[in-house]
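Quick notes on the structure that follows.
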């Protein structure tokens, strides 16, 4: 009689031990990232990037195409995105979302995007970059991603009809440097959609972070279940809890250097980008 109960009890204990072991070890498994897009900027690859020309955020420069004035130079295995004072006013054809044309300006800048080239749902975006200098008034370099249905130029597909920052046109900022009074610091975080065109909460899901900006570092954002995780040299430095599902759409990457106030500048500002990549997690459905 005793053996009839001992065998089932032994089996039950073994099963419980296996369940406990599996549960504990699954929780420690790291995501298995696979690269599905990588650009190391040996050339300017038009299969990956295109110039983006528009007037936003009251920027005081003109975005110019085709590396005019050297604003998006690719050389020696890296991309240099710049703001340059060319010393004389030029006509600027950049327009805002209301059709107003940018005034003449002596400042030109570069802005490129993977829109309609390389767009991905969730995963992990990373760029390795550095600034030539930091902390100067009105400088605003950025590495960020935007929903693929954004209705700002260039509009090339019929479904690019959603205004910022609604779902389909959501924004996640991986690296932004606000030069005024913030040498060796950057901000990262999501823009909270407030349910109407042009209405986003810039502050509640963002944070300021330290960095030696004139040295190369890796800046990334990844989806971790429902969270957005921001990493600096692959170390977690910030997390938007529960925000990941607010961005179900394909997203494209943007690299730009902006000048956002009337503070004067001379010469050029440079953001140098060694490479950009996107990865997907094979463990995710």
Within the stretch 197-228, the residues that are in a strand (DSSP E or B), out of contact with any helix residue (DSSP H, G or I) (no Cβ under 8 Å at 6 or more places or on another chain) and over 19 Å from residue 146 (Cβ atoms) are 207, 208, 209, 210, 217, 218
Of the listed residues (69, 63), the one being modelled with pLDDT of 95 or more, at positive phi and buried (at least 16 other Cβ atoms within 10 Å of the Cβ) is 69
Of the candidates 137, 127, 188, the one satisfying the condition of being more than 21 Å from residue 255 (Cβ to Cβ) and either buried (at least 22 other Cβ atoms within 10 Å of the Cβ) or in contact (Cβ under 8 Å) with a residue 12 or more places away in the chain (or both) is 137
Going through (1) farther than 30 Å from residue 245 by Cβ; (2) surrounded by 15 or more Cβ atoms within 10 Å (Cβ to Cβ); (3) more than 19 Å from the chain's Cα centre (by Cα) one by one, residue 78 fails only at (3)
Considering residues that are surrounded by fewer than 21 Cβ atoms within 10 Å (Cβ to Cβ) and farther than 20 Å from residue 61 by Cα, the number found within the stretch 140-165 is 11
Inside the stretch 251-285, the number of residues satisfying the requirement of being outside any strand (DSSP E or B) and under 22 Å from the mean Cα position of the chain (by Cα) is 3
Given (1) surrounded by fewer than 19 Cβ atoms within 10 Å (Cβ to Cβ); (2) at positive phi; (3) at pLDDT 95 or above, residue 225 misses just (3)
Taking first residues from the stretch 142-159 that are at positive phi and second residues anywhere that are modelled with pLDDT of 95 or more and assigned to a loop (DSSP other than H, G, I, E, B), the pairs with Cβ under 8 Å that are 6 or more apart or on different chains are none
Of (1) in a loop (DSSP other than H, G, I, E, B); (2) at pLDDT 95 or above; (3) surrounded by fewer than 16 Cβ atoms within 10 Å (Cβ to Cβ), residue 89 satisfies every one except (1)
Original post:
Looking at residue 236, is it part of a strand (DSSP E or B), under 27 Å from residue 33 (Cα atoms), over 15 Å from the mean Cα position of the chain (by Cα) and in the same structural domain as residue 59 (by TED's automatic domain parsing)?
Top reply: yes
Within the stretch 42-79, residues being more than 18 Å from residue 99 (Cα to Cα) and touching a strand residue (DSSP E or B) at 6+ places or on another chain (Cβ under 9 Å) number 21
Would you confirm, using the coordinates I've provided, whether residue 178 is in the same structural domain as residue 269 (by TED's automatic domain parsing) and more than 20 Å from residue 277 (Cα to Cα)? yes
Matching residues in the stretch 203-229 (under 15 Å from the mean Cα position of the chain (by Cα) and without any contact (Cβ under 8 Å) to a residue 40 or more places away in the chain) number 4
Those residues of the stretch 33-62 which are more than 13 Å from residue 115 (Cα to Cα), within 19 Å of the chain's Cα centre (by Cα) and not in a loop (DSSP other than H, G, I, E, B) amount to 33, 34, 35, 36, 37, 38, 39
Those residues of the stretch 244-257 that are crowded, with 19+ Cβ neighbours inside 10 Å and over 26 Å from residue 50 (Cβ atoms) come to a total of 2
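The values are calculated or read from the model by the stated rules, or taken from the named source; none is laboratory data. None of the values given here were measured: they were computed from a predicted structure. All Cβ positions, even for glycine, are placed from backbone atoms using ideal geometry, and neighbour counts span all protein chains on display.
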